[in-house]
Every structure is written in structure tokens, then in C-alpha cells.
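The next block holds one structure in the form of C-alpha cells; read it before the comments.
The values are calculated or read from the model by the stated rules, or taken from the named source; none is laboratory data. None of these values were measured; they are calculated from a predicted model. Note: ideal-geometry Cβ built from the backbone for every residue, glycine included; neighbour counts use all protein chains shown. Please note that ligands, DNA and RNA were not included when accessible areas were found on the heavy atoms of the full protein model with its side chains. Shrake-Rupley method; radii C 1.70, N 1.55, O 1.52, S 1.80 Å.
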Amino acid sequence: MDVDASPDDIAQKLTSAGLEVEAVENLGEKFDKFVVGYVKNVVKHPKADKLSLCDVEIADGAVIRVVCGAPNVAAGQKVPVALVGALIPSNMHDPEGKPFTIARAKIRGEESNGMICAESELGLSQDAAGIMVLKDSARVGMPLSEYLGMDDVAFEIGVTPNRPDCLGHIGVAREIASAYGVPLTLPAAPVTENQNDPVAAAAVVRVENSADCPRYAARVVKNVTIGPSPGWMQDRLTVAGVRPINAVVDVTNYVMLEYNQPLHAFDYDRLAGHTIVVKTALPGEKFTTLDGKERPLPENALMICDAERAVAVAGVMGGQNSEITSATVNILLESAYFNPVSVRKTSKQLGLSTDASYRFERGIDPSATVEAVNRAASLIAEIAGGAVCAGVIDEYPAPVEVKRVRVRPSRVNQILGTAIAPQEITGYFTSIGIGVTSAREDEIECTIPAWRPDIEQEIDLVEEVARLHGFSNIEDKMVSEIDFSNKYVSAATTDRVRTWLADNGFNEIVSNSLLDEATAAMFSDKLVKLMNPISKEQSVMRPNLLVSLLQTVVHNSHYGTDSMRVFEMGRGFTVAHPAETDVVIPGFRERDLTGICLTGKAAAQTWFGAERAVDIFDMKGVVSALLNKIALDKYRFIYYDGQDALTDQRVGVEINGVYAGYFGRVAAEICRKLKIETGVFVAELSFDALDERERVFRQYVPVLKYPVVERDAAFIVANDVPSSSIEATIRESGGILLRSVELFDLFEGKSVGEGMKSVAYALRFASAERTLTETEIEHVMNAVIAAVTTNHRAVLRAVETK
């Protein structure tokens, strides 16, 4: 596959296609200012017996003098030369081997203009016995990186878990071919077989656990020579982060990197009965892996065995008892597809992760096993000699079914906001190996290749179109109406409330919004139950924050913490009446709430004061201070808010005329059920009301310049008349001159009559423009008294002037 593009352009294309290129390394950069030189003449250094003066040609007609201390330097050699300015990767004369830069220098009185290098100084090997002598075919003056075949580029790609195909070079090459519209060329794998030695007679494979090993392919190669692999293969493996070992093992790793198909080579002569059996480990079985460690095998671990014993942990690591050694002559190559779940479990339980297990866990291509083993056999025969037995053993009892997925072009364009033609969509699919069995204007049927386990449904194909078309080519515009699922709550509101509470000594808690039904039923009869709960303890959504606050009190009291100041910001969930229309999801109500909790001591005992427990007035002070910060003076408390099963001494909170919550003491019955021994005071405020108040335009009101006049008025009313309704009547009838109303006295007794009560209010009057006259005040007071007596059947008890 030939692509005429720069490394940066390829990196950009891959990243746009979803394969993020994290780094691009020019392999030849480290050999900058290194060239192939020709030693024309060598004479002894006049002042040093172990040094030589070398005249080295580094280009046509250009000759430099180099002082060299290598014993094997001689005229007529072609050698690697580091010119002035070159960075030597390893200094063998430095104890730490630090790099150094070549400079023009005088050595024992003779000028040296470069350095003839050994392999160790180039970082190519540990050989430091003498200089590196190059082949006669090397061209004088050519860059050393070109001669070494290292004038290439390495891309470091962050492969996401859903793209295991791109753990192999072929998968990445397929993406590059698609991006540039060129055909993909796969590695040639011609296998020359020994027809006189059929593999069926040489080995036997039996799969006893086909669920964990759906496919197992094998080849046998005889009479191989174990030695080092060629330099080009070692270089490529090293760049890919794989340590070269020997020709056979290097080939298996090389093919793994190409096809994303892990392979394993067994010493054929060490396999009992020349047999492979794939089966589950025996109970209590132990096995010594290639790293020399004996490991107890987990239950149900899949093992590769011969006729007598285990020889490898399937998909993870081979065993010492069948490894390739310098004495190996014949080999059996394994190329299999193992169940990802089985390999993942075994790898985790053994605490052993390898390049092979990493790939098997994510899912490889079961259709590539034979192709990969053929490629490996071909390379081994070429590099290590030997004869390949005729045929392939391929145990594949239940072939993986081809996935078929349909996609609608109209749906693609609806989701992406594009107008891509069906023909263009099919072109994208075929460019990455997705088969198209039928293509119509309204529907395209695709066959998904086995190397793409991540594609299962229509939306997956839509994603493929998006990345291949290019996200940058998709216009950034609104193509559909957005229906927000809930009311928007300003972040500024939540931040201000959270900051104020934290600044005033409260600790924020974050609790689970799921709880058991029995506990939830104590706090509401309108429970939202989960259809498929993960456990009985998390089967209902909390109806309010009170339950979470009390669970925190109970938990901390078990550890000896009885005094707490905590708050939580979260949501409460209840069932709504079908007739209710002010809900987002019909039948359910979801509220943003702020819950505050006080319990324990308000003040510890000191030399100047006695210990005091928190009470309703402490909570009132907290709520008042918070609302003064958030709602200024546009709030009021409703002192006869009505009691319920959850709280005693309950006081309602109204913000800007909207009911916003309550505060009070948790009911004694609730505390008894939860085994709470101290008094607990809570407040629960609606974020919606707070947020609406935050949005109201705030206007500065100057301090009054004129005197304030106060009047007290007491009324006798029936016990069932809420004081809040009386206060509302007073405010409405008092007009703009009435500045504030406060209930300051409540009395019930025989003197006021059975079923009656006396309520007394302090009224404050003032004007921002003048001093009020007695006549004006009397006129307003008469209007207030008339309204209260008429609307609430009240009797004026007294009016007092302060």
C-alpha cells in the first residue's frame, strides 16, 4: 500500500478517524549527522601506540582525518562515521554511559574531525570490541539511518477498547487506506509445503471445551535452525516495544503485531504423543509458566495440554516444559481463538497480563487464525529454514455467524445533520471491509467482519459514517428540537447556598438517593419504586432529603458523634397525581431540595455558661440568616403551618409569596423508630423557589429618613384560623405605609372563650417621603381592623400605641 502523505498528515487522518495518535517518532532523527564513510588510509598515531590516524571519505571527494582507537580499523572498510555535531547515544568510556556530542578536537596533538563508531556507541547492540564494519554495498556518503533501514516513522496510537482490530498493523493500515482512498495490500503468505509429510500424520488436535475455544489451528515445521532473527525484524520488533529472542519466537510476535493474532510455538518433540488437547484445568492443578513461576491454576482455567500434561495457559502464557530452546528442531505453531471472558478471568485470577491476553480479552478475529499461522510458517521456513508439513489442522466445529446489520441513510442524516448520499455511505463501509449485501435508497444491509466485534446495531454504523465522513465536515448546527427533562436550576444559586452553609460551620454530605422500601414508607406514601432494583436495600427512590439526613445522624451516632451540623443538596422523588400538569414526566414529581440538619449541643458547658442543646430557635436563626442572604426581606415564616407525622413545631417558609419549604423538630415517633435519642431539627427548602427569587431584579432601597410608628393589635379568633392568613390580611389592608408585621403573642384560655385564641401583632408604619401624621396612621389601622374582623370573624381585643 503506497500513500503519498507526510507523517503529520497521516497522524491527523488517523486521529480524525478515532485512532488518536499520541506521538510521532522519526526513527532516523537519532542518526542525524551520521553517514557511511570509506577508510582510504590508516597510519599509526605518532604519539600513541593504540591510536590510528584514519583518512575517511564521507562524500564524493570530501575526506576528513579521524583519530580512532579501534584495533580492527583498516583501509578499504566502509564504516559508520559520526560527523562534528552528531550526538552519540552511548559513551562506553563514561561509567554511566551518558550521551555526548562530537566536536572537533586534538587528540595527542592530532586533529580529529569525527568518530568511527562501534555498534554499542550507536545503541544497536552491546558489541564494543571494535568499530562496526558495513557491507561493501553501502554507498559512501549516504545517511546511516538509510543504510540501517531506520529512516522510518513510528506512530504511537491510543487504541480504545472497542477497536481491538487496531491492535494489529493491518487494522491500522486498513484505516489509512480508507482515509486516502487506496486499496489495502495484505502481507504475502506463500507456504511451500513438504507434500511427503502431511500434518494429519504429524500431530493431533482435540478440543474438549469448544465454548472457551471455538477455533484452534495448528501447523508443524520440521528441521528448523534456532538462531537470531534478521536485523530488519529485530529493528521492527524493538520499535514496537517487543524484545527480540530468537527467530521462531520473533516470528510469532511479528505476526501477532501484523494480524492482531497471538501465536505460540511449542517444541514439537516435547509434546507427548505429538498431541494437543484443549480442556479445563483439573482441581488443585499447578503449572510452571515461561517466566519460571509455579502458579496454582484457577478453577475453570482453559489449558493447552499434550497427551500427558498441561503445556500452556490458553491465551495467557506458555509453559517451561514445551518452550523453544536452542536445541529445538521441530515446532508446532498454535493459532487459536479463545473466548474473551475466559481469558480475562484466568488472566485476572493469575495476576498475569501478557500481550496475548491483552488481545484475546478484547476480542480478535476468529476468521484470521489460519491466515496468521500460514504467514508465520512461511516466515519461519524463510528465516530459520526447515520444511512445513503439508496442510493445516483447523478445529472449528461451530463457525462464528456473520452479523448482519441494517442501516437507513435517512436515519444517518437525521442523527448527523448531514445530506450524505446512500452511494457515499456504502463507499465508506466497503473501504473498511464492511460488506454490503444490498443497497437501496431507504436501507443498506451490511455484513460485519469478524474483526469488528464492536458493531452490533444501526447506531454503530451511523458512528462509522460519522468518523469516516469526518467530524470536521459535519456542520455544527441545531438540527432538532431539544426538550429539557427538568427545570433549569442556576448554578449560581446552588453555589451561593452551598458556600453560605459551609462558611457557617455546616458539613456537606452526599448520600445515595436509593433506599429500602420499609424506611422510605416512614416518610411518604407516594413512593417511586424501581422496576429492576439491584438489591432490596436500593429499591425505592428517596421521597425527600429528611430521610438521608436522619440516616446520616444514625450512622454517626453509632460512632459517638452526637452533635452535627450537616446539609445536603439533592433531589426528592414522589409519585404525582395524574391530574397534576406542572411535572416534567407525567405521574412523577422530582424536586431540587436543600436539606439542613442540627442535632446535639448548641453550646458546650464552660466556666461562664451552662451546656445547651439545639432547639427550634437555632434552626430558625440558620434559616433566617440563609434567606436574608438569598431572598433579602422577601420571605416570611408561617407559624401555623400544620403538623404532620414527620415533624413537630413545624414552621413553614414562604419566599416571594411562594411556599418554599419548612423547618421544625423531627417527630418523636420517627426518632424512636430510628433509635435517635437526641432532638433533631431539620429544614427542607425548595431550590425552585430559591432560584426564582434569585432571578428577581434587585433594587436598592435607601434607609428611611423619617420616624417609624409602631402599633400593637390583638384579636380574638377561632383556634382553626391560621395566623398566617391573618398576617396576610394585615399586609394587604395596610398598604404601602405598612413596613412590617410580626406575631409576638399567642394566648389560649378561659378568658378568651372555648375554642378561641388571642393573637397579637406588632405593626410598623413609615413613609420614605414624610413624617406620618396621627390621622394617616389611624386611617390605616381602621382599615386593618375592619379587614381582619370581617375576613376572619375576629373580635378586636386591644390596640396599643408605642
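In this simple spin-label approximation, residue 320 and residue 410 carry label points 7 Å from Cα along the Cα→Cβ vector, and these lie 6.8 nm apart. Please say if segment 180-219 is rounded, prolate or oblate, where rounded means a/c under 1.5 for a ≥ b ≥ c the square roots of the C-alpha gyration tensor eigenvalues, and otherwise the choice is prolate for a/b larger than b/c and oblate otherwise? Oblate shape, in that a/c is at least 1.5 and b/c is the bigger or equal ratio. Full extension of the chain between residue 146 and residue 208 gives 17.2 nm of extra length, using 0.36 nm per residue less the Cα-Cα distance.
Excluding residue 676 itself, calculate the net charge of residues whose Cβ lies under 12 Å from the Cβ of residue 676, where each Lys or Arg counts +1 and each Asp or Glu counts -1. Net charge in that neighbourhood comes out at +1.
On the basis of the beta-carbon distance and an R0 of 22 Å, residue 561 and residue 610 show a calculated FRET efficiency of 0.50.
For segment 517-604, applying the loop criterion from DSSP together with a ceiling of 15 other beta carbons within 10 Å to the trypsin sites (Lys or Arg not before Pro) yields 526.
Local charge for residue 517 was computed over the other residues whose Cβ lies under 10 Å away, with Lys and Arg +1 and Asp and Glu -1, and equals 0. The angle between the Cα long axis of helix 491-503 and the longest principal axis of the Cα atoms of the chain comes to about 80 degrees, rounded to the nearest 10. D by Stokes-Einstein for segment 284-395, Kirkwood Rh over Cα pairs, 25 °C, 0.890 mPa s: 160 µm²/s. Sites listed here are chymotrypsin sites (Phe, Trp or Tyr not before Pro) in segment 544-615 whose DSSP assignment is loop and whose Cβ has at most 13 other Cβ atoms within 10 Å: 559, 607, 608. In this Cβ point-charge picture (+1 for Lys and Arg, -1 for Asp and Glu), segment 180-275 has a dipole of about 40 debye about its Cα centre.
With a Förster radius of 56 Å applied to the beta-carbon distance between residue 22 and residue 581, the computed FRET efficiency rounds to 0.60.
By definition, a body whose alpha carbon gyration tensor gives a ≥ b ≥ c is oblate when a/c is 1.5 or more and a/b is not larger than b/c, and segment 488-590 fits this oblate description. For segment 171-181, putting each phi into the Karplus relation 6.51 cos²θ - 1.76 cosθ + 1.60 with θ = phi - 60° gives couplings of x, 5, 4, 4, 5, 5, 4, 5, 5, 9, x Hz, in residue order, rounded to whole numbers and with x for Gly and Pro.
Taking the longest Cα principal axis of the chain as reference, the axis of helix 723-734 is set at about 70 degrees. Multiplying the residue separation of residue 394 and residue 136 by 0.36 nm and removing their Cα-Cα distance gives an extension gain of 88.2 nm. So, with a 1.4 angstrom probe, what is the percent of accessible area on the chain that is carbon and sulfur? C and S atoms contribute 50 percent here.
When Cα Rg over 2.2 N^0.38 Å is calculated for this entry, the matching label among (i) 1.53; (ii) 1.69; (iii) 0.97 is (i).
The distance between label points at residue 5 and residue 125 comes to 3.8 nm (points 7 Å beyond Cα on the Cα→Cβ vector). Stokes-Einstein diffusion of segment 332-461 at 25 °C, 0.890 mPa s viscosity, Kirkwood radius from Cα pairs, rounded to a whole number: 138 µm²/s. Applying 0.36 nm per residue to the separation of residue 705 and residue 779 and subtracting their alpha-carbon distance, the gain on full extension is 24.4 nm. Phi-derived couplings, Karplus 6.51 cos²θ - 1.76 cosθ + 1.60 at θ = phi - 60°, listed residue by residue for segment 280-297: 7, 4, 7, x, x, 6, 10, 8, 9, 7, 4, 7, x, 9, 7, 10, x, 7 Hz, with x used for Gly and Pro. As a calculated quantity, the FRET efficiency between residue 106 and residue 29 at R0 = 45 Å, using C-beta atoms, amounts to about 0.90. Residue 303 exposes around 0 Å² of accessible area when a 1.4 Å probe is run over every protein chain in place. Per residue, the chain exposes 51 Å² of accessible surface when a 1.4 Å probe is rolled over the protein heavy atoms with every protein chain present.
The helix-only estimate of mean residue ellipticity at 222 nm for the chain, built from DSSP H runs of length n ≥ 4 each weighted as -39500 (n - 2.57), is -7500 deg cm²/dmol after division by the residue total. Spin-label pair residue 421-residue 634: with each label point 7 Å from Cα along the Cα-Cβ axis, the two points sit 6.0 nm from one another. The GluC sites (Glu not before Pro) found in segment 353-421 that occupy coil by DSSP, while having at most 13 further C-beta atoms within 10 Å, are 401. From the Cα gyration tensor of segment 159-209, with a ≥ b ≥ c the square roots of its eigenvalues, which class applies: rounded if a/c is under 1.5, or else prolate if a/b is larger than b/c, or else oblate? Oblate, since a/c reaches 1.5 and b/c is not below a/b.
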